Amino acid sequence: MKTITFPDGRTLTYELVRKRVRNINFCPKENGIIMVSASPRASVREIEDFIVRRADFFFKAFAALEERQKLGEDSISSVTWLGQEFPVRIISSSRECAVIDESEVRVFTRLGNESEYILSLIGKARYARFCALAEELNGIVRSELSSRGFDPPPTKITVKDMKSRWGSCSYTRGHISLNIRLSAYPRNTVLSVLWHEYAHYWHHDHSGRFYDFLLKMYPEYRKWNDLLKK
Ligand SMILES: [Zn+2]
């Protein structure tokens with residue numbers, strides 16, 4: 001292992017391995033060392049000249065590696081989506097977005113961004129996916145109601161961050177809100193909240209008749225809704 005010191009005090013360390021390769025190959029490693037493989041004919045001077053000429057490239061590469069390690073340590077390693085832990089994978093990219101797919105969350109971002117910013121990218125993806133889910137479940141509830149002879153009024157669904165409620169229904173305006181925090185719970189739990197809010201169109205309170213109606217419409221209501229009490 002040898003270290004080259006630059007006039008400004010910075011250093012680059014390399015480890016030389018002689019191999020039957022045509023050229024000289026350089027690879028900056030996570031431990032801050034440049035691995036060099038060179039043919040027995042390449043001189044040390046030739047190798048070091050190359051490193052000095054490409055010094056800026058190596059310093060940048062090491063800074064990016066260090067940044068990536070830092071990012072891995074204090075950033076989000078997983079998020080909860082529909083009741084399951086999804087690992088978060090950070091992919092170095094000039095795009096700035098997150099994608100929640102079937103098994104993981106992929107975050108495309110420039111390296112070196114703070115975890116708060118990464119959370120905001122995930123938050124946007126979560127909101128978009130949850131709005132789509134809310135629309136899908138809304139269709140399920142409405143067709144179930146119709147098939148049982150109940151005519152649900154036109155309803156606008158909005159997704160919001162609410163402090164103290166999982167959902168709300170303003171039955172006079174035909175407006176149901178779902179809490180974005182429901183996106184951490186299973187799909188059927190979200191469905192149970194939607195059924196609860198729809199039931200308020202027919203029963204405005206939480207009386208026995210309200211629950212009779214709700215359980216008739218969605219018999220698994222308690223099983224899934226009770227998860228929210230924990
Ligand atoms: Zn209620």
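The values are calculated or read from the model by the stated rules, or taken from the named source; none is laboratory data. Everything numeric here is computed off the predicted structure, so don't read it as measured data. Every residue, glycine among them, receives a Cβ derived from its backbone with ideal geometry; neighbour counts consider all protein chains shown. Areas reflect the complete protein model, heavy atoms only, side chains present, ligands, DNA and RNA absent. Shrake-Rupley method; radii C 1.70, N 1.55, O 1.52, S 1.80 Å.
For the reader, a short list of remarks on this structure follows.
- The heavy atoms of residue 62 offer some 30 square angstrom of accessible surface to a 1.4 angstrom probe.
- Here the accessible area is traced with a 1.4 Å probe on the protein chains. For the stretch 127-229, carbon and sulfur cover 53 percent of it.
- What you get for the stretch 2-72, charging only the Cβ of Lys and Arg (+1) and of Asp and Glu (-1), is a dipole of about 380 debye around the Cα centre.
- Selected from 152, 64, 194, residue furthest toward positive end of dipole (the chain; charges at beta carbon): 64
- Rounded to the nearest 20 debye, the dipole magnitude of the chain is 440 debye, with +1 charges on Lys and Arg beta carbons, -1 on Asp and Glu beta carbons, and the Cα centre as origin.
- About its Cα centre, the stretch 127-229 has a charge dipole of approximately 240 debye under the convention of +1 per Lys or Arg Cβ and -1 per Asp or Glu Cβ, with nothing else charged.
- Added length on full extension, which subtracts the Cα-Cα distance from 0.36 nm per residue, residue 33 to residue 211: 57.4 nm
- Compactness of the stretch 127-229, expressed as Rg and Dmax over alpha-carbon positions, Å: 12.6, 36
- The stretch 107-171: trypsin sites (Lys or Arg not before Pro) in DSSP loop, at most 16 other beta carbons within 10 Å: 110, 148, 163, 165
- To put it simply, the accessible area of the stretch 73-125 at a 1.4 Å probe is 46 percent carbon and sulfur.
- 222 nm mean residue ellipticity, helices alone, for the chain (DSSP H n ≥ 4; -39,500 (n - 2.57); rounded to 500): -13000 deg cm²/dmol
- For the stretch 73-125, the Kirkwood estimate of the hydrodynamic radius, built from every pair of different alpha carbons, is 11.0 Å.
- Looking at the stretch 110-150, the GluC sites (Glu not before Pro) that sit in a DSSP loop and have at most 14 other Cβ atoms within 10 Å of their own Cβ are 114.
- Accessible surface computed residue by residue for the chain, with neighbouring protein chains in place and a 1.4 Å probe, gives 59 Å² per residue.
- Between 181, 45, 173, the Gaussian network model of the chain with springs among Cα atoms under 10 angstrom shows the greatest mean-square fluctuation at 45.
- Apportionment of accessible area to carbon and sulfur, the stretch 2-72, percent (1.4 Å): 50 percent
- Global geometry of the chain, whether rounded, prolate or oblate, following the gyration tensor of its Cα atoms and the 1.5 cut on a/c: prolate
- Kirkwood-Stokes translational diffusion coefficient of the stretch 2-72, alpha-carbon pairs, 10 °C, 1.306 mPa s, µm²/s: 124 µm²/s
- Among 9, 50, 21 - extreme Cα towards positive end, dipole of the stretch 2-72, charges at beta-carbon: 21
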